[in-house]
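Contents: one structure, followed by commentary.
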Amino acid sequence: MITIIDYGSGNIRAIANIYEKLNIPYKIATRPEEIIRATKLILPGVGAFDETISKLDEIGFRDVLDNEVLQNKVPIIGICVGMQILAETSEEGILKGLGYIKGHVKKIDVSMLNSKPKLPHLGWNSIEINKKHAILNNIDPQRGFYFLHSYYFECSDVNDILTTTEYGNSFSSSVCHNNVYGFQFHPEKSHSNGVNLLYNFAKQ
Amino acid sequence: MLRSRIIPCLLIHKKGVVKTVNFKDPKYVGDPINAVKIFNEKEVDELLVLDIDATVEGREPDFEMIRNLAFECRMPFCYGGGIKSVEQAKKIISLGAEKVAISSAAISNPEILRSIGNAVGFQSVVVVMDVIKKNFFGGYEITTHNAKKSSSVKLNDFLRTIQQIGIGELVINAVDDDGKMTGYDFKLFDFVREKTDMPMTILGGVGTLEDIKMAIRRYKTLGAGAGSLFVFKGKYKAVLINYPSFEERNYLYQV
């Protein structure tokens, strides 16, 4: 079953509401043992990098997650800061990320922007598809998605970049490596594009 | 390209959606859930829902209503009205709202914003400032309780305080223009834009999509809020929930 990891970070309810409307069974896991035998995992997240990874560690999710994702190859999506903690390190903090996708989290370069507010990158932005993938079926790149962040994921391997978005510079708005997906935007708050993406993840 | 957010603002009075003029004479325009369903179909950028009874009646936010609205919303949803404590803010976020809007509690004690920010994340903390023109010579006053109470807080000081706390967004509501549909008060918003760096949403006075286009041209990236425009149609103000299509919006973004 699709299992949403609830470690006190991110809009769990909004993701659950979409699966409820789609009549797709899901469960919410608040303890590590509850993600064992999940068929799909969703890792939301908001806030600072270190604070987010600490919350995950405090509840003891990391070891179980490592095992499910790296050994059992359970598909997982990280959303917003949930995506950023998939990286190895971040400019925003000192703690080690999960490291499921090779890369580093950096602050958005605002030197080219000339109107306030420069940060956060807040609102609806389009995406450009870098690599065709079934999870992007029925997504309208022009309409794009809802974003709210000040840092972005820089992939070490450009082949892991699914989509890019322009703000200050061009950054990876979606990444994918094998069974691991990361989305910088909020599919749970992005109308039909977001619903389609969560549906594609459930069905593939 | 990042698009400015065009944000319908729904006022809740006696469990219905209403529209006011100068914060008075609420006219019933429909059922909140029904309005959200229509705004879902129209794929609105974001939704701001303000319960205008809660603070005046001195009661808690209506959590059941918030739960029902959050269940429907497929877009970021900001709730405001009667939020006085960290616990209330946490509960509203846990029900699926994206942001909590705080007004009177923040004006009487800005430190509450820091506590709420630490609990739910500062990106989710929105301040709503109801502002009236003080006199003919300029100068503005911050009000609370649906503009019935004036506060002694100076606009300049308050902006500095919330900027320093680092809230996620500021909504400036121009009371004098509410429901008039005669255009935005750019003088007020220019002042706030100059003094602050945070995301800003402006509200009050929008009569046409051209008003929104003008605001986007002026500020480049902003939240352009409107009430009447998205619930009324035509010069006799017939009730009709509406929102520009994606193509119409693309025209508004061209500056």
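Read-outs: derived from the displayed coordinates by stated rules, not from any lab. The shown structure was predicted, so the numbers you read here are calculated from the model rather than taken from an experiment. All Cβ positions, even for glycine, are placed from backbone atoms using ideal geometry, and neighbour counts span all protein chains on display.
Structure above, values below:
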{"item": "Restraint check, A:K118/B:K213; B:K84/B:K237; A:K96/A:K131; B:K15/B:K84; A:K21/B:K27; A:K96/B:K195, Cα-Cα greater than 30 Å", "result": "B:K84/B:K237; A:K21/B:K27; A:K96/B:K195"}
{"item": "Those trypsin sites (Lys or Arg not before Pro) in segment A:129-193 that DSSP places in a loop and that have at most 15 other beta carbons within 10 Å", "result": "A:K131, A:K132"}
{"item": "Ratio Rg/Rh, restricted to segment B:30-85 and using Cα atoms, in which Rh is the Kirkwood radius", "result": "0.99"}
{"item": "Prolate/oblate/rounded call for segment B:5-253, Cα gyration tensor, a/c under 1.5 rounded", "result": "rounded"}
{"item": "Dipole moment magnitude, nearest 20 debye, segment B:1-108 about Cα centre, only Lys, Arg, Asp, Glu C-beta charged", "result": "140 debye"}
{"item": "Square roots of five times the Cα gyration tensor eigenvalues for segment B:1-44, Å", "result": "23, 15, 6"}
{"item": "Within a Gaussian network of chain B (alpha carbon springs, distance under 10 Å), most fluctuating of B:E57, B:E72, B:E43", "result": "B:E57"}
{"item": "Cα-centre dipole for segment A:82-131 with unit charges at Cβ (Lys and Arg positive, Asp and Glu negative), debye to 20", "result": "40 debye"}
{"item": "In segment B:89-182, the trypsin sites (Lys or Arg not before Pro) that fall in loop regions by DSSP, at most 14 other Cβ within 10 Å", "result": "B:K134, B:K148, B:K154"}
{"item": "Dipole axis of chain B (+1 Lys, Arg; -1 Asp, Glu on Cβ), positive-most option in B:A226, B:F136, B:M1", "result": "B:F136"}
{"item": "Descending semi-axes in Å of chain A, equivalent ellipsoid built from Cα gyration tensor", "result": "24, 20, 16"}
{"item": "Computed label-point distance, nm, for sites B:N68 and A:N72 using a 7 Å Cα→Cβ extension", "result": "4.0 nm"}
{"item": "Compactness index (Cα Rg / 2.2 N^0.38 Å), segment B:1-96", "result": "1.08"}
{"item": "Farthest positive-ward along chain A dipole, Cα basis, beta-carbon charges - from A:A38, A:Q142, A:Y181", "result": "A:Q142"}
{"item": "Normalised contact order of chain B, rounded percent, pairs of Cα under 8 Å and 6 or more residues apart", "result": "18 percent"}
{"item": "Cβ charges +1 (Lys, Arg) and -1 (Asp, Glu), total dipole of chain B, debye", "result": "340 debye"}
{"item": "Low-density loop positions, chymotrypsin sites (Phe, Trp or Tyr not before Pro), segment B:176-255 - DSSP coil, at most 13 other Cβ in 10 Å", "result": "B:Y236"}
